[in-house]
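Participant: Below: one structure in structure tokens.
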């Protein structure tokens, strides 16, 4: 593998894997722009959905795939990325079924190590993770504790379920109702007794770093407002992280 800090001006690639933090998206777009040609596909692995609009505007929707990953990791103060556990899953898919690049992309991605999946509905898969990660970030940031501690604390499990229900309602209103089995599994994870699980957003707060609060909680709250949905716990979680970001900015 060859590491580059800048893409050569004459280089064009078949596939660009984009895995930056949401707050670095604008800079990342400019960094990869020289690598994106007429036949390039960009596969973003960011949480949430708001980044799709920015990538579509920058490169054209036909070049932008849908994607997500399941991995537990954090960014250390020195820039080191530290992974927790053994979960390594990449989920990807075309946003249009007639994309001529699909056969070559499938052949390439199937050779990757780890668990690689291509669901029939990539946007539905992205919404499934979006609702879960927003609920996990919301409840662990709002209560500043891992899932197991929250589950053992009074109404903690009830709050986690209610927040997830708000997030799932937004997904349904946006045209992507979540699978019942996926909802049950999400609720199980969010209320598991003794679980050390916490959102990477909480780990960012604990180390005094930037968060993806606007990209995840803020975007979902905005979608709820536009849909006329009342999501008080989601609004509270967003306000909590937004207040942290404001204090951090003026410190």
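Participant: Only one residue in 192, 160, 137 is buried (at least 19 other Cβ atoms within 10 Å of the Cβ) and free of Cβ contacts under 8 Å to residues at least 60 places away in the same chain, so which one is that?
Facilitator: 160
Participant: Check whether at least one residue in region 141-148 is at pLDDT 95 or above and in contact with a strand residue (DSSP E or B) (Cβ under 6 Å, 6 or more places away or on another chain), and report yes or no.
Facilitator: The answer is no; no qualifying residue exists.
Participant: Additional query: Go through region 107-127 residue by residue and tally those that are more than 21 Å from residue 48 (Cα to Cα) and assigned to a loop (DSSP other than H, G, I, E, B).
Facilitator: Adding up the residues that qualify gives 5.
Participant: Please work out if residue 110 is touching a helix residue (DSSP H, G or I) at 6+ places or on another chain (Cβ under 8 Å) and either without any contact (Cβ under 8 Å) to a residue 40 or more places away in the chain or over 16 Å from residue 69 (Cα atoms) (or both).
Facilitator: No; evaluated as a whole, the condition is false for this residue.
Participant: Having 1 or more residues that are more than 17 Å from the chain's Cα centre (by Cα) is the bar; report the strands (runs of 3 or more DSSP E) wholly within region 1-104 that clear it.
Facilitator: Once the strands (runs of 3 or more DSSP E) in region 1-104 are filtered for at least 1 residues that are more than 17 Å from the chain's Cα centre (by Cα), what remains is 13-18, 36-44, 81-93.
The values are calculated or read from the model by the stated rules, or taken from the named source; none is laboratory data. Only a predicted model underlies this, so the values are computations on that prediction, with no experimental measurement involved. Cβ: placed from backbone, ideal geometry, glycine included. Neighbour counts: every protein chain shown.
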